[in-house]
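Take a look at the structure below.
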Amino acid sequence: MTHVHDTPAAPVAWEDGRALPALVRAADPGTDLAAWIRANRPLVDDLAVRAGAVLFRDFAVTGSAEFRSVMDALSDRVLEYGERSSPRTEVSDGIYTSTEYPADQHILLHNEQSYSHNWPMRIVFCCEKPAERGGRTPLADSRRILAALRPETVEKFERLGVQYVRNYLPGISLSWQEAFQTEDPEQVAAYCATAGIAVEWVDGGQLRTRQTRPAVHTHPVTGERTWFNHAVFFHITSLPEEVSTGLREALEEEDLPYNTYYGDGTPIEDETLAELRAAFAAETTGFDWELGDVLVVENMITAHAREPFEGARRILAAMSDPVRTETAAPAARAGDEEGVAA
């Protein structure tokens with residue numbers, strides 16, 4: 001972690017490098033973070049884009065109300081969680097728990113909602129209770145990941161994109177009712193039509209969806225190219241081996257809860273998956289949470305993850321500033337945002 005110190009009026013220095021996140025520590029513990037951000041917003045925005053992730057520590061953020069104030073200081077477009085891909089609980093307006101996967105499981109590196117047509121530019125976390133042991137948040141610079149890949153790998157993904165196939169299987173994954181927050185199949189179909197998602201109803205009401213998205217994007221502020229997709233995260237082989245094997249023995253491939261392919265539907269080669277995983281691993285850093293920490297992740301620049309933990313860990317999450325695939329520019333309506341999977 002790159003350490004920096006500040007006062008409410010002084011500029012923050014940050015040294016470029018691989019360490020993530022950059023750290024801004026309150027010179028006076030208990031300083032109001034929302035007020036500090038409002039007074040230093042251009043500085044915060046610049047640091048977030050350059051560093052990729054910024055950790056604010058020793059400020060006065062004790063719960064969801066203070067966290068919401070921080071989000072309002074960061075953006076006027078704090079988003080709701082739709083098209084859900086992970087279980088979480090809404091704590092207050094626009095504030096959710098982080099992904100509620102079992103504590104003994106890893107959550108792999110990913111860029112929030114990169115499989116959608118409309119994703120948040122930022123995902124922000126707040127530590128309400130650190131774990132007794134473990135629970136670190138790994139981070140990786142997606143620009144560096146892209147640069148580490150072979151040109152032929154990048155060319156193929158840029159040419160074909162990534163196809164995501166999803167079956168909404170209660171008891172295995174989220175139901176379609178929870179994922180789309182409706183009991184009405186017609187509303188699901190209408191949403192998917194606008195989002196470029198192919199819908200197939202199978203087995204008397206079971207939903208299967210397919211969507212193809214770009215694998216590489218250009219950041220709308222910096223113009224940098226970045227590896228921004230869920231090709232590895234949602235691939236069936238990314239599950240623990242015993243789970244992946246069991247699912248493939250029990251289900252036909254087209255019925256798996258999640259899987260990814262090249263955009264033309266052909267399989268992603270084992271050696272390519274290994275190359276991608278190696279690139280992620282080489283760029284991974286991380287940090288341990290402290291009570292009241294707030295982490296701002298520039299979503300198109302930095303992937304985030306979660307390590308297993310013990311104890312009653314509670315991290316809040318929020319997201320802001322939607323961007324559309326078609327324009328790579330901020331979306332007109334905050335309500336179009338599609339979700340969080342932290």
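The values are calculated or read from the model by the stated rules, or taken from the named source; none is laboratory data. The structure presented is a predicted model; accordingly, all values stated were derived computationally and were not measured. Note that we place each Cβ from the backbone using ideal geometry, even for glycine, and neighbour counts take in every protein chain shown. Accessible surface is based on the protein model in full, side chains and every heavy atom, while ligands, DNA and RNA are left aside. Shrake-Rupley method; radii C 1.70, N 1.55, O 1.52, S 1.80 Å.
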Checklist entry - Got a number for residues in the range 224-241 being out of contact with any helix residue (DSSP H, G or I) (no Cβ under 9 Å at 6 or more places or on another chain) and modelled with pLDDT of 95 or more? => result 3
Checklist entry - Considering only the range 214-250, how many residues are under 24 Å from residue 266 (Cβ atoms), open to solvent by 20 Å² or more (accessible area, probe 1.4 Å), in contact (Cβ under 8 Å) with a residue 24 or more places away in the chain and polar (S, T, N, Q)? => result 2
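Are any of the residues in the range 295-304 among the charged types (D, E, K, R) and at pLDDT 95 or above?
Applying the first criterion (among the charged types (D, E, K, R)) to the range 295-304 yields 298.
Right, trim to at pLDDT 95 or above and you get 298.
Yes; the residues of the range 295-304 include at least one that is among the charged types (D, E, K, R) and at pLDDT 95 or above.
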Item to check | Criterion violated by residue 75 - all others in (1) in contact with a helix residue (DSSP H, G or I) (Cβ under 6 Å, 6 or more places away or on another chain); (2) at pLDDT 90 or above; (3) over 26 Å from residue 311 (Cα atoms) satisfied | outcome: (1)
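Based on this model, can you work out whether residue 165 counts as exposed (fewer than 14 other Cβ atoms within 10 Å of the Cβ) and either among the basic types (Lys, Arg) or closer than 20 Å to residue 250 by Cβ (or both)?
Values: exposed (fewer than 14 other Cβ atoms within 10 Å of the Cβ): no; either among the basic types (Lys, Arg) or closer than 20 Å to residue 250 by Cβ (or both): yes.
No, not satisfied.
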Checklist outcome for this item: Taking the range 182-213 and keeping residues surrounded by 14 or more Cβ atoms within 10 Å (Cβ to Cβ) and either among the acidic types (Asp, Glu) or in a strand (DSSP E or B) (or both) leaves 199, 206, 207, 208, 209, 210, 211, 212, 213
Next on the checklist: Between a residue in the range 297-312 that is on the phi < 0 side of the Ramachandran plot and any residue that is in a strand (DSSP E or B) and among the basic types (Lys, Arg), which pairs come within a Cβ distance under 8 Å, given they are 6 or more apart or on different chains?
Outcome noted: 297/122; 298/122; 299/122; 309/133; 310/133; 312/129
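May I ask you to list the residues in the range 148-174 that are at pLDDT below 85 and part of a loop (DSSP other than H, G, I, E, B)? Before the answer, list the steps.
Of all residues in the range 148-174, those at pLDDT below 85 come to 170-174.
Once the filter is applied, which keeps residues that are at pLDDT below 85 and part of a loop (DSSP other than H, G, I, E, B), the range 148-174 yields 171, 172, 174.
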Checklist entry - From the list 92, 98, 86, which residue is at negative phi, modelled with pLDDT under 90, out of contact with any Ser or Thr (no Cβ under 7 Å at 6 or more places or on another chain) and among the polar types (S, T, N, Q)? => result 98
Checklist entry - Do you know which of the residues in the range 258-290 that are under 30 Å from residue 126 (Cβ atoms) and part of a loop (DSSP other than H, G, I, E, B) is farthest from the chain's Cα centre (by Cα)? => result 290
